[in-house]
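Working notes, structure below.
Please treat every number below as a calculation from the coordinates, not as lab data. In this text, all values refer to a predicted model and were calculated from it rather than measured experimentally. Virtual Cβ from ideal backbone geometry, glycine too; neighbours counted across all protein chains shown.
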Amino acid sequence: MRFILVAKTLDMVEKISSRIQITNTLVELFKQTPKEVVDKVIYFLQGKLWPEWMGMPELGLGEKMLIKAISIAYGVSEARVTSLYKDLGDLGVVAERLRSEKKSLTTSKGLMAFMGGAVSTESGLTVDRVYNTLARIAKAQGEGSRDLKLRLLSGLLREAEPLEARFIVRFVEGRHRIGVGDMTILDALAIAYAGGGSYRPVIERAYNLRADLAHVAKILVEKGVEALEKIKPEVGTPVKPMLAERHKDPAEMLAKVGGRAIVEYKYDGERAQIHKKGDQIWIFSRRLENITHMYPEVVESAKNYLVPNEVIVEGEIVAIDPDTGEMRPFQVLMTRKRKYEIHRAMKEVPVRVYLFDIIYVDGEDLTLRPLPERKKVLEQSVRENDVIKLAEYQYVSTPEELDRFFLKAVEEGAEGIMVKAIHQNSIYQAGNRGWLWIKYKRDYKSEMSDSVDLVVVGAFKGRGRRAGKYGTLLLAAYDKENDSFKTVCKVGTGFTDEDLEKMEDILKPYMIKNRHPRVVSEVEPDVWTEPALVAEIIGAELTLSPLHTCARGALKPDTGISIRFPRFIRWRDDKSPEEATTCDELVEMYKQQLRTVQE
């Protein structure tokens with residue numbers, strides 16, 4: 001398959017704002033894609049060579065090396081490339097322009113030499129050739145790897161068409177500027193290969209159980225949708241974690257889960273999915289990053305105290321006070337992650353894992369079994385020790401029981417509780433949130449019942465002491481229905497001086513010239529950013545806003561939801577943009593707030 005087809009599709013998608021049109025464009029691409037390379041085409045659309053959880057190396061080419069590669073490829077000075085970059089603000093467009101100039105010159109010479117004959121100037125690059133070359137660049141390690149990377153990339157750019165050069169450079173730079181989310185790709189796959197959009201839930205469930213969209217697409221193309229319906233979790237491949245709704249009224253929470261529930265501690269740590277196969281252990285974070293190397297003591301305990309030969313369990317890794325054995329806050333755990341000497345960190349910040357669910361055991365998919373059954377299997381699969389414990393939980397059927405358990409959890413260092421349904425349909429909804437799990441966290445010193453996690457989509461320059469620095473962020477919630485991000489508020493308080501000093505460096509990799517296609521905003525910041533960074537925010541209250549687009553029209557015509565007096569708490573590096581607070585959640589929180597005021 002010619003790579004120019006992928007490049008032309010990316011170019012078209014970049015110019016489209018309608019999700020339906022983007023989906024149709026991808027469908028046309030998939031119809032022209034041979035089954036042998038559909039996985040590679042998916043990776044190009046996602047802007048990566050392989051899933052992050054595989055722990056494979058990244059391309060390892062910074063801005064200076066990219067400039068050098070473009071310079072070598074097109075026989076111009078690095079100063080010329082740098083100058084064009086300053087003018088155009090996009091190294092991909094720089095490569096495209098320089099390749100066009102070179103192509104024009106080559107074509108003119110060719111026409112002079114071969115008057116009367118047809119001259120083909122089109123690239124012969126295939127998807128395989130581009131992907132395999134980029135993979136070689138990523139895997140090049142050790143002495144001489146820098147020169148090899150430059151040689152491979154400049155050679156690829158030399159062969160590329162101008163449009164191909166633009167997207168190859170952007171891919172290497174890690175700055176794909178197309179507005180395609182995974183949900184849109186899923187829609188296109190269902191239409192192109194499964195026979196229609198009605199099969200989208202089957203493909204999405206397979207993707208949630210095997211967090212590699214390219215692999216799932218290949219199974220779909222080669223074996224059909226029936227094969228996806230039979231997919232189970234696989235040890236070593238992370239399952240997308242089940243998510244929770246939030247609420248603050250005990251009676252209503254119990255009503256939503258059917259009147260009786262399991263309530264368990266909501267630990268203030270790092271969510272972890274632990275996989276065991278014999279003596280092999282993998283630990284994946286909430287964002288499906290491989291964090292096995294960070295927790296050697298958890299690895300050792302999992303080998304010895306998880307009973308089954310093959311198992312996938314889920315829990316929370318919590319920092320423990322080495323002197324008292326009491327739980328410590330999330331921030332303490334994060335200090336451990338920043339330390340380079342892991343064995344020293346193990347002594348200074350020991351950890352414990354509290355397991356709360358089991359997803360798979362010795363060939364059996366447990367995701368479709370009710371929670372009480374999963375709990376029984378989990379308890380049979382674990383021998384508790386100093387490092388691995390079962391999460392504290394109990395069955396409740398009254399608001400009073402729930403409240404008592406909540407107070408006990410907070411007193412013992414948890415940040416609240418999880419209220420979980422136990423009826424026959426209390427399955428493990430991988431990758432989805434619903435009223436099967438509900439978060440109930442302790443109140444902060446404000447009128448908002450809970451903090452929210454919002455996505456940075458833009459920034460504003462500060463004034464006075466902050467002059468010349470980005471001191472305010474434009475934040476958005478995730479609209480799952482439209483796979484977009486809709487603005488909620490601007491936040492300029494809560495940042496330390498150190499936060500403000502680092503702000504431009506944090507934002508710079510994600511800055512773009514125009515509003516991202518997945519962002520819906522009527523506010524114009526000084527600079528737009530890709531929806532990539534997630535921040536935890538607290539505020540005085542939720543309010544209706546004629547300016548912001550989150551939940552526009554859901555509560556009142558032509559108004560959205562905003563936050564009064566928002567304050568930055570911390571960055572949520574452990575959350576992807578799609579795991580941020582949703583517009584629907586903010587609507588529910590606003591309704592709860594109204595009920596509380598009326599009472």
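Fully extending the segment from residue 27 to residue 335 would add 106.3 nm, taking 0.36 nm per residue of separation and subtracting the current Cα-Cα distance. Could you work out how far the C-alpha centroid of the stretch 514-529 sits from that of the stretch 202-252, in angstrom? Measuring centre to centre over Cα atoms gives 31 Å. Return the percentage of antiparallel bridges among DSSP beta bridges fully within the stretch 452-598, rounded to the nearest 5 %. Percentage antiparallel, nearest 5: 90. Helix 399-411 and the longest principal axis of the Cα set of the chain meet at an angle near 70°. Out of every Cα-Cα pair in the stretch 243-441, what percent are more than 22 Å apart? Here the long-distance tail beyond 22 Å is 47 percent of all Cα pairs in the stretch 243-441. Can you tell me the orientation of helix 145-159 relative to the chain, as the angle in degrees between its alpha-carbon axis and the longest Cα principal axis, to the nearest 10? On a 0 to 90 degree scale, this one is about 60.
Computed from Cα atoms, the angle from the helix 497-507 axis to the main principal axis of the chain rounds to 50 degrees. Taking other Cβ atoms within 10 Å as a rough exposure proxy, 357, 505, 584 sort from fewest to most as 505, 584, 357. Loop-located trypsin sites (Lys or Arg not before Pro) in the stretch 245-353 (DSSP state not H, G, I, E or B) with no more than 11 neighbouring Cβ atoms inside 10 Å: 338.
Between residue 432 and residue 304, the simple label model (points 7 Å from Cα in the Cβ direction) yields a spacing of 4.1 nm.
Counting only chymotrypsin sites (Phe, Trp or Tyr not before Pro) that DSSP places in a loop and that have at most 14 other Cβ atoms within 10 Å, the longest clean stretch of the chain runs over 115-339. In a DSSP loop and with at most 13 other Cβ atoms within 10 Å, the GluC sites (Glu not before Pro) in the stretch 434-535 are 481, 522.
Computed per residue of the chain from DSSP H runs no shorter than four, each worth -39500 (n - 2.57), the mean residue ellipticity at 222 nm is -12000 deg cm²/dmol. Arranged from fewest to most other beta-carbon atoms within 10 Å of their beta carbon, 185, 72 become 72, 185. For the chain, rounded, prolate or oblate, judged on the Cα gyration tensor with a ≥ b ≥ c (square roots of eigenvalues), a/c < 1.5 rounded, else prolate if a/b > b/c? Verdict is prolate for the chain. Anything over 18 Å Cα to Cα? Flag those among 40/68; 230/420; 513/575; 86/469; 40/218, in the order listed. Correct reply: 40/68; 230/420; 513/575; 86/469. Using r as the Cβ-Cβ distance of residue 347 and residue 260, and R0 as 60 Å, what FRET efficiency do you calculate, to the nearest 0.05? Approximately 0.85, to the nearest 0.05.
Grab the beta carbon distance between residue 558 and residue 482, set R0 = 22 Å, and tell me the FRET efficiency rounded to 0.05. Rounded to the nearest 0.05, the efficiency is 0.80. Measuring nothing but how far apart in sequence close Cα pairs (under 8 Å, 6+ apart) lie, relative to its length, the chain scores a relative contact order of 12 percent.
Taking the beta-carbon count within 10 Å as an exposure proxy, list 59, 475, 586 from fewest neighbours to most.
Ordered by Cβ neighbours within 10 Å, fewest first: 59, 586, 475.
Here the calculated FRET efficiency for residue 569 and residue 401, from their Cβ-Cβ distance with R0 = 35 Å, stands at 0.70, rounded to the nearest 0.05. Once a ≥ b ≥ c are taken as the square roots of the eigenvalues of the Cα gyration tensor of the stretch 448-599, is the result rounded (a/c under 1.5), prolate (a/b larger than b/c) or oblate (a/b not larger than b/c)? Prolate, since a/c reaches 1.5 and a/b exceeds b/c.
Between residue 321 and residue 390, the contour length at 0.36 nm per residue exceeds the Cα-Cα span by 23.0 nm.
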